[in-house]
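Note sheet for the following structure.
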Amino acid sequence: MPVSRLMPDELGDDLIALVRQIADKELRPRVDEAEAAAARGAELPRDIFTTLGAAGLLSLPYAEEFGGGAQPYETYLQVVEEIGSAWMSVAVGTSVHSLTCYPVAAYGSPEQQAELLPAMLSGETLGAYCLSEPLAGSDIASMTTRAVGDGTAYVLNGTKSWISHAGHADFYTTFARTSDDGGRGLSCFVVPADTPGLSFGTPERKMGLHCDPVSEVLFDNVRVDASRRIGSEGQGMAIALAALDSGRLGIAAAATGLAQSALDLATSYAKDRVQFGRPIASNQGLAFLIADMAAAVGAARASYLYAARLRDARRPFSAEAATAKLVATDAAMKVTTDAVQVLGGAGYTADFPAERYFREAKVTQIFEGTNQIQRLVISRHALGG
């Protein structure tokens, strides 16, 4: 049964109806086969992102003048949740693409916005966000990828790791060191995919999210025009952290959609599965388990919506974004685990999607900042640090 939503306006209702139609027609019929094939080495389902882009669903929170949808984050995130309930890899990819556009939209000059955003927001291009490194994940300030000024350009050398869309993206929003001044020495660049010297590692063999290909991005004397530096030199840390606040909400929404699907599956199975002459849902122990699952999904949704409304009101929302990411992804892990339990032995087989949901949920507690990092962010805000 579709989630009952309270959208901020009538257009939001129309967008939810549109994404549900696309999900039922394009996503749900393909997800199981595509994820299984991708585990064997198939490609990113790029045509799905083209479809979402043509429908305007990849650019919802950005300015209309550059091809965006000019929608509040509250609406955008509920669209991401709906996508996540149908195909988690695609929801993650949608969130990642939005993240890659943020630095230009928020920190780019008017000239950069006019030049770069229309292509980024058209739905015809896909972005990758190059922040993490083999030895610099949560510790962004320790990154070693370096950008050295050379006339009217910068030359980038280094390695980025765990990059979604690596080898498939059309542009790479990249953070690199321009000075040795710790976190104050980072800068942001938009690197075209066809730049000489840019190459990619072997795709990671992951537990889940097989249609979200992840690998290293290698910079070997990659020459980028200075006009592709976003913001000033040394502003990269501030840009990255601001982008992550919004990106964490995208992951929270996607995780909530995943948890909702697990809850729907468990509920349906519990009502249909008969043991000892009655549906297993009539057993109070199992009914209470499902009640806890439903409460966790509802709390996750409320958490990300509250943070989104703060963001839309242009109020600080960093702690609330961290809280939403923590609550929603922990809920996704709990609810998908409990869904496997409700289905029993059937939940452990590939005949039902419960095991896929379980595998997909785990990484949500890790990427876009581990949940331990979220607790650090929340505690610092709570303690005034």
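The values are calculated or read from the model by the stated rules, or taken from the named source; none is laboratory data. No experiment lies behind these values; they were computed from the predicted model shown. Glycine also receives a Cβ, built like all others from the backbone with ideal geometry; neighbour counts cover every protein chain displayed. Each accessible area value is taken on the protein alone, full model and side chains, heavy atoms only, with ligands, DNA and RNA left out. Shrake-Rupley method; radii C 1.70, N 1.55, O 1.52, S 1.80 Å.
Among the residues of this structure, Leu27 counts as one that is of a type outside the set (Ser, Thr, Tyr), in contact (Cβ under 8 Å) with a residue 60 or more places away in the chain, within 30 Å of Thr349 (Cβ to Cβ) and open to solvent by less than 20 Å² (accessible area, probe 1.4 Å).
Of the strands (runs of 3 or more DSSP E) lying entirely inside the range 171-225, those containing at least 1 residues that are farther than 18 Å from Gly137 by Cβ and in contact (Cβ under 8 Å) with a residue 60 or more places away in the chain are 171-177, 186-192, 214-225. Scanning the range 310-337 for residues that are more than 12 Å from Leu258 (Cβ to Cβ) and surrounded by 24 or more Cβ atoms within 10 Å (Cβ to Cβ) gives Ala321, Ala322, Ala324, Lys325, Leu326.
Here's the yes/no breakdown for (1) more than 13 Å from Gly208 (Cα to Cα); (2) free of Cβ contacts under 8 Å to residues at least 24 places away in the same chain; (3) open to solvent by 20 Å² or more (accessible area, probe 1.4 Å):
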site	(1), (2), (3)
Ala339	yes, no, no
Val342	yes, no, no
Ala354	no, no, no
Tyr357	no, no, yes
Val363	no, no, yes
Ile373	yes, no, yes
Leu376	yes, yes, yes
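Evaluation of Ala346 against the conditions (1) open to solvent by 30 Å² or more (accessible area, probe 1.4 Å); (2) out of contact with any helix residue (DSSP H, G or I) (no Cβ under 6 Å at 6 or more places or on another chain); (3) part of a helix (DSSP H, G or I) shows that the sole unmet condition is (1). If you check Ala291, Ala238 for being open to solvent by 30 Å² or more (accessible area, probe 1.4 Å), free of Cβ contacts under 8 Å to residues at least 40 places away in the same chain, in a helix (DSSP H, G or I) and farther than 26 Å from Phe358 by Cα, only one passes: Ala238. Checking Gln71, Gln78, Gln112 one by one, the residue that is open to solvent by 10 Å² or more (accessible area, probe 1.4 Å), closer than 16 Å to Leu18 by Cα and modelled with pLDDT of 95 or more is Gln71 and no other.
Scanning the range 328-377 for residues that are of a type in the set (Gly, Ala, Ser) and at positive phi, we see that the one that is modelled with the highest pLDDT is Gly344.
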